[in-house]
Structures are given as structure tokens and as C-alpha cells.
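The values are calculated or read from the model by the stated rules, or taken from the named source; none is laboratory data. In this text, all values refer to a predicted model and were calculated from it rather than measured experimentally. As a convention, Cβ positions derive from the backbone with ideal geometry for all residues, glycine included, and neighbour counts pool all protein chains shown. With ligands, DNA and RNA removed, areas are computed over all heavy atoms of the protein, side chains included. Shrake-Rupley method; radii C 1.70, N 1.55, O 1.52, S 1.80 Å.
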Amino acid sequence: MGEGLKKEDSAALKGIAILMMVFHHCYRTEKKFAGYEILFTPFTAENVIHLALYMKICVCIFAFVSGYGLMYGYLRNQNPDNRISDSAFVKRHLFSTCSGYWFLVVPAYLVYGVRNGFSYGKWGITLWEKIAGILTDALGLSEILGTKSVNGAWWYMGAAITFIILVPVLGQVILKMGSLTCIGLVFLLPRLLNIGFQGGRSPLSFLMALVVGMVCCKKDVFARFHSWVPFGSRYAGGFLKFVLLAALVLWGYQSYRLLPFSYCWEYQFALIPFILILFLKEYVFRIPGLKRLLGFLGKHSLNIWLVHTFVRDYLKSYLWSLKYFALVPLAILLISLVLSVVINALKKYTGYDGLIRKISRSFV
């Protein structure tokens, strides 16, 4: 898998996705910056909002990378020398994924309590209702079970948990029935069951991106695309491949809002992100130093995701006083990155990381 998606590439994709996510959460609607004097030069507010809406595909990139990585581990697990049960596979990945989230849940609820006079009324009326709601959120299940969360952006934990649980099932479909069958089932079932588009916070909406990532791993798509030479010409064919893929990326951006999500959400949430990922892997990540920088952000992507909305909301007046539209998400990103470094240091020096590794090894 010399030209496949390596760990460094996955980290760089996460870095791209986290940049998109911060920008998306700043400008996806005009309400986000209403009342503040923001300079959008040389663009218009409409241009920036359109770009921010397109950057919703950050979720799809995370789902794709998860699918690719989980499938890689699942395929290795099929080897008798590495074999563990599917339940142990799921438990290990669930514990590993949730452990970083758990470390910040308690501080988040303490900060929320301090800011709100330790009133947790939005989780229920009685003490037991509040405890149940908070525990549900702490387990990452608030979006799935329809309860409140201390942070609206944390809905993706439910998706991550859902994806991990489904990987053994989807993996077996791919291995025994074929990749196209799995893709076809994921496409057809919502329509046959008449459930339709479930919205931008449902794991089901991003299931195709997960499956495409799994199929790309199984079929070694990135290596195959890299070795493909149109018309047998290394230079002319290579140039044509670049132009064609770049044109598809631009078309994806321009057409993102053309089709209604209720009609074919896999276009926006699977096909468009896949083409962008292919372009990034094949061309952009070859720019010297860029993949390393994006990979650094990617390694901190979990913590940045968990804290960036707190930074945006608690420092709102300061951030929007920066005025120029690009400086606001940049400031949020840098502050969140510093917090991530501190969080990782605390995990290390409190022994939390060591404890997590020890417990994770017990899932065999």
C-alpha cells in the first residue's frame, strides 16, 4: 500500500477537516455574526456563507477517515494471527474513541455550572432526570437518545459510536457480498424504508461516507488512482488527470447546494467529499511541509473539536472585535490548539493516558 492512505495522510485529512469545521461554525448562517461589523473584503458575506455551508463536508471527511482506518484494522483482524472477536474489536475502539471525550466532560459541566449558578435545569426537573441526562451526554449518546448536551457540537460522538458498532456488519457485507452490494444497500435502504434524509446531525446521513472509506481501504483505491495513467502517457495523461480531478472538485463546490439534500444527500455527503479527498491525497499533500502542518492539526483535531465552540462562545466579544472575517476562525483555531496542548499534557502527567492504554489492552 505504498501510495495508499497512510497514517500521515489520515492525520492531514483530519487537519483539513478541523479547519473546515471551525470556519463552518463561524459563518454557516448570518446569525452567527449578526450585530458585529465584519469585513469580508475581497469577498462578500454571501460568498463566505456559501463557503462555510460547503465546509459541512468536514463531517464527511471525518467519517471517511474513520471508515478507512476502522476497515484497515478490521481486515487485519481477519488474519488468524491477529484475530480477536468482533465484540472485542468494537469494545476496544469504542473505549479508545470515547476516552478523549470523557476527559473533558467533567470540566465542561463544571464550567457550565459556574457560569449558570450550578443550575442544570435544561437536563430535567428532578434530580434523577438531570443525572440521567448528564450521564447520557457523558456517554456520547445525547444526540442518539434525543437528550440535551452541554455542547451542541458534541453530537458527532453519537455518530462515531454508531460507526464503530456498524463496521463489523458492513465489513462482512463488503467481504462476503462485495463492495458494490454494500454501497447499494446503504443507498437503497433509507429509500425502501421511507426514512429519507435524517438531517445534518444524524449518523445515517453520513453512513455512505463511512462505507466509501471502508471500500477505498479494501480496494486500495488511492494506490490504484495514483498508478492510473490515462492514454498511457505519463506527462499528457498525468496533466489530464490533474485537470479533470481539479475540475470535479470545483464543480463539487459550485453544485453543493444545487440538489436538495432530501433527494440525494449522498451526493453532498459522500461523492463531493470523496473527490476532494482524492485530490488532496494525490496532489495537495505533495506540497513540501504542508502535509506535516496539517497532520499536526489533525493530531489535535479531537481536542480542538471538543473545545472550539466554548472558545467561540465564551470569548465572543473579543473574537468578533477582530473584524476581518479570516482572523476570527484563525484566532479560535490557535486558542483551541493551545488548549489542546495543555489537555494532552494533563492526560500524560495525571496518568490518564497510561490508564487508558492499560484498560484498552484488556479488550482481547
- Task: Inspect the range 49-67 for any residue being on the phi > 0 side of the Ramachandran plot and open to solvent by 50 Å² or more (accessible area, probe 1.4 Å) and give the result as yes or no.
- Result: no
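Determine, yes or no, whether F89 is within 30 Å of H25 (Cβ to Cβ), part of a helix (DSSP H, G or I), under 26 Å from the mean Cα position of the chain (by Cα) and not polar (S, T, N, Q).
Spelling it out, it is not the case that F89 is within 30 Å of H25 (Cβ to Cβ), part of a helix (DSSP H, G or I), under 26 Å from the mean Cα position of the chain (by Cα) and not polar (S, T, N, Q).
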When the range 331-364 is checked residue by residue, the ones that are of a type in the set (A, V, I, L, M, F, W, C), without any contact (Cβ under 8 Å) to a residue 24 or more places away in the chain and crowded, with 16+ Cβ neighbours inside 10 Å are A331
In the range 282-321, residues that are closer than 22 Å to A160 by Cα and open to solvent by 50 Å² or more (accessible area, probe 1.4 Å) total 3
Residue set A247, A236, A209; condition at pLDDT 95 or above and either over 15 Å from S10 (Cα atoms) or hydroxyl-bearing (S, T, Y) (or both); output residue A247
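Residue check: is R83 of a type in the set (D, E, K, R), at pLDDT below 95, open to solvent by 20 Å² or more (accessible area, probe 1.4 Å) and in a helix (DSSP H, G or I)?
Details: of a type in the set (D, E, K, R): yes; at pLDDT below 95: yes; open to solvent by 20 Å² or more (accessible area, probe 1.4 Å): yes; in a helix (DSSP H, G or I): no.
No.
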Those residues of the range 1-48 which are surrounded by fewer than 22 Cβ atoms within 10 Å (Cβ to Cβ) and of a type in the set (G, A, S) amount to G2, G4, S10, A11, A34, G35, A45
Picked from the range 283-334 (must be of a type in the set (S, T, Y) and not in a helix (DSSP H, G or I)), the residue modelled with the lowest pLDDT is S321
Within the range 142-186, the residues that are part of a helix (DSSP H, G or I) and of a type in the set (V, I, T) are I144, I161, T162, I164, I165, V167, V169, V173, I174, T181, I183, V186
The condition from (1) more than 19 Å from the chain's Cα centre (by Cα); (2) open to solvent by less than 70 Å² (accessible area, probe 1.4 Å) that W155 misses is numbered (1)
Expected output for the range 121-138 (first residue outside any helix (DSSP H, G or I), partner of a type outside the set (D, E), Cβ below 8 Å, 6+ apart or cross-chain) is G124/K130; G124/A132; G124/G133
Across the range 86-101, the tally of residues that are open to solvent by less than 30 Å² (accessible area, probe 1.4 Å) and either more than 21 Å from V307 (Cα to Cα) or in contact with a Pro (Cβ under 8 Å, 6 or more places away or on another chain) (or both) stands at 3
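Would it be correct to say that F261 is modelled with pLDDT under 95 and either closer than 19 Å to I16 by Cβ or open to solvent by 80 Å² or more (accessible area, probe 1.4 Å) (or both)? Please lay out each step first, then the result.
Working: modelled with pLDDT under 95: yes; either closer than 19 Å to I16 by Cβ or open to solvent by 80 Å² or more (accessible area, probe 1.4 Å) (or both): no.
Against the criterion (modelled with pLDDT under 95 and either closer than 19 Å to I16 by Cβ or open to solvent by 80 Å² or more (accessible area, probe 1.4 Å) (or both)), F261 does not qualify.
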Is it the case that T147 is surrounded by 17 or more Cβ atoms within 10 Å (Cβ to Cβ), β-branched (V, I, T) and over 23 Å from I304 (Cα atoms)? yes
Within the range 180-202, the count of residues that are surrounded by fewer than 16 Cβ atoms within 10 Å (Cβ to Cβ), more than 14 Å from W265 (Cα to Cα) and under 22 Å from the mean Cα position of the chain (by Cα) comes to 0
The condition of being polar (S, T, N, Q) and crowded, with 18+ Cβ neighbours inside 10 Å holds, among S205, S227, S233, only for S205
Contact list, first residue from the range 145-171 and in contact (Cβ under 8 Å) with a residue 40 or more places away in the chain and closer than 19 Å to M214 by Cβ, second anywhere and among the polar types (S, T, N, Q) and in a helix (DSSP H, G or I), beta-carbon distance below 6 Å, six or more apart or interchain, is A160/T97; F163/S66
Filtering the range 264-284 down to residues that are over 18 Å from L51 (Cβ atoms), out of contact with any Leu (no Cβ under 8 Å at 6 or more places or on another chain) and in contact (Cβ under 8 Å) with a residue 12 or more places away in the chain yields W265, E266, A270, L271, F274
Log entry, pairs with first residue in the range 29-53 being under 24 Å from A17 (Cβ atoms), second being of a type in the set (K, R), beta carbons closer than 6 Å, six or more apart or on different chains, reads A52/R28; L53/R28
